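Taking it in order: structure first as structure tokens, then the write-up.
Each reported figure results from applying straightforward, stated rules to the coordinates on display, with no laboratory input. In this text the structure is predicted, and so the values were computed from the model without any measurement. Neighbour counts run over all protein chains shown; Cβ positions are idealised from the backbone, glycine included.
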Amino acid sequence: MMSRPLPELERRAAAGVTASGRKLTGYVARFGTEARIGSFTETIKAGAFRASLDSGRDILALLDHKPDCLLGRTKSGTLELREDADGLAFTLSLPETQAGRDLIALAERGDLGGCSFGFTVPKDGDHWNGDQRELRSVELHEVSIVQSWPAYANTEVSLRHRPIQMFTLDTRRAWLETVR
């Protein structure tokens, strides 16, 4: 039996973080926001995550896309994801681990870079117009809390009792090149 090669997992990141107690909340992605990804620009269309969310697939929450640093998952209910008019919103109940404690401390100080997501694009899931890409449907595999620079500067991660802080670091492009 021959196995099919898996499509390459793409990752995108966004800024801003909020936490309340042991919960992080915010947006993993915002619809209609343009991001520079290497040599092209990209936007996410409303509804791009709907099929993944409706499928009931187990989506992981990771730290910096590291599979060995699990923070939560939809299957257990520790990660809740939902699409609204603005984008892909999340609530993450952090574990009582060193990584969980570190994230709370960083979120309280406003030091987290933001959020990111790992995905593949199904057939006809994106549309190209020159060097502009629109993501219309993606297969979401994981969301990550990133400690550095996000690609999409318009997303949020925060402790609920703190005001939302936005981070727009110019160096986020350099980070993106390292994860591509």
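Here is how the numbers come out for the structure above:
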{"read-out": "Extension gain from Gln132 to Phe40, taking 0.36 nm per residue of separation minus the Cα-Cα distance", "value": "32.5 nm"}
{"read-out": "Virtual spin-label span in nm between Glu96 and Gln147, 7 Å along Cα→Cβ", "value": "2.3 nm"}
{"read-out": "Trypsin sites (Lys or Arg not before Pro) restricted to the stretch 48-157 and DSSP loop, no more than 10 other C-beta within 10 Å", "value": "Lys123"}
{"read-out": "Global form of the stretch 30-92, assessed from the alpha-carbon gyration tensor, a/c cut-off 1.5", "value": "oblate"}
{"read-out": "Whichever lysines have a C-alpha closer than 19 Å to that of Lys123, once near sequence neighbours (fewer than 8 apart) are set aside", "value": "Lys45"}
{"read-out": "Contour minus Cα-Cα distance for Asp111 and Ser76 (0.36 nm per residue)", "value": "9.8 nm"}
{"read-out": "Taking the stretch 73-138 and dividing mean pair separation by its residue count, relative contact order in percent (alpha carbons under 8 Å, at least six apart)", "value": "16 percent"}
